[in-house]
Amino acid sequence: MRPATSTVESLTLQIDGKDISCRSGETILQVARDNNIDIPTLCFLEGLTVWGGCRLCMVEIAGSPKLHAACATTCAEGMVVSTASPRLKEYRKMIVEMLFAERNHVCAVCVSNGHCELQNMAVKLEIDHVRFPYRFPHLEVDNSHDAMRLDQNRCILCVRCVRVCGEIEGAHTKDVKGRGVLAAIIHDLDQPWGESETCTACGKCVNVCPTGALTHRGTAVGEMTKKAQFLPYLTLMREAKS
Ligand code: FES
């Protein structure tokens, strides 16, 4: 989302050695993408509020000892940003390996095989093995809905589904319970999805899910594809109306 024009100032900064102009209020991620500089993301999705949970978009800012999430950091005048240092590449690999180790992401038997953002990210970051012990938890698969299925084993807790359900559909059916490795997506007051009185069965949650955690029922291995392109359009239409 762009800031209101009345308060917009022009800024200049440097990203990966390139001098760039942008408007105040824009995030490093927005500006980088507008300038064809790729920063990996998983929880970010244009059209939803920023969550800042996956930490894949971390960048270095000169003069700051800590890393900053590009999706949640606004640009400042004179900022010098680095998006692809060896340190960042190593951190990103480690994060994705941890996601694979935390739950059960066995791509060969997944309905989203070949259409999965986590799988694509592993390929992009050249991950060929996981250095951490697999936890192999036995988590719930909620098959109670007529049209959709939630497999907690494949969830990376990006909460895109929670955000799209509340912010775009306005149903607020989905939420998160628990913390850390025990966190899980729930429906209403933690009841089976099929018994939810608020779910409109719109399917938006399925379409924004980056993995095989939320899928349509009846899909076989490799058949599930997602279509999240509706989001920027819906957001634009809402802004135009308000
Ligand atoms: Fe920025 Fe996930 S994309 S923290």
Query - Output for region 11-40, where each listed residue is touching a helix residue (DSSP H, G or I) at 6+ places or on another chain (Cβ under 7 Å) and in a loop (DSSP other than H, G, I, E, B) - result: 39, 40
Query raised in the report: Which residues, taken from region 36-46, are away from the ligand (no atom under 12 Å from the Cβ), open to solvent by less than 40 Å² (accessible area, probe 1.4 Å) and of a type in the set (S, T, N, Q)?
Result: none
Query raised in the report: Which one is nearest to residue 26 (Cα to Cα) among residues in region 66-90 that are surrounded by fewer than 15 Cβ atoms within 10 Å (Cβ to Cβ) and free of Cβ contacts under 8 Å to residues at least 40 places away in the same chain?
Result: 66
Requested in this report: Give the residue, chosen from 32, 76, 72, that is out of contact with any Cys (no Cβ under 6 Å at 6 or more places or on another chain), under 22 Å from residue 167 (Cα atoms) and either within 16 Å of the ligand (Cβ to nearest atom) or not hydroxyl-bearing (Ser, Thr, Tyr) (or both).
Outcome: 72
Report summary line: Scanning region 135-194 for residues that are within 15 Å of residue 102 (Cα to Cα) and in a helix (DSSP H, G or I), the one most open to solvent (accessible area, probe 1.4 Å) turns out to be 182
**Report entry** Filter pass, residue 49 being within 14 Å of the ligand (Cβ to nearest atom), surrounded by fewer than 17 Cβ atoms within 10 Å (Cβ to Cβ) and either within 24 Å of the chain's Cα centre (by Cα) or without any contact (Cβ under 8 Å) to a residue 60 or more places away in the chain (or both)
**Finding:** yes
Requested in this report: Just one of (1) open to solvent by 50 Å² or more (accessible area, probe 1.4 Å); (2) free of Cβ contacts under 8 Å to residues at least 60 places away in the same chain; (3) in contact with a Pro (Cβ under 8 Å, 6 or more places away or on another chain) trips up residue 117, so point out which.
Outcome: (2)
Query - Subset of region 18-33 [open to solvent by less than 40 Å² (accessible area, probe 1.4 Å) and farther than 13 Å from residue 73 by Cα] - result: 20, 22
Report summary line: All conditions in (1) basic (Lys, Arg); (2) within 15 Å of the ligand (Cβ to nearest atom); (3) crowded, with 20+ Cβ neighbours inside 10 Å are true of residue 124 except (3)
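The values are calculated or read from the model by the stated rules, or taken from the named source; none is laboratory data. As the structure is a computational prediction, the values presented were derived from the model and not from experiment. Note that we place each Cβ from the backbone using ideal geometry, even for glycine, and neighbour counts take in every protein chain shown. Surface areas here come from the heavy atoms of the whole protein model, side chains and all, with no ligands, DNA or RNA. Shrake-Rupley method; radii C 1.70, N 1.55, O 1.52, S 1.80 Å.
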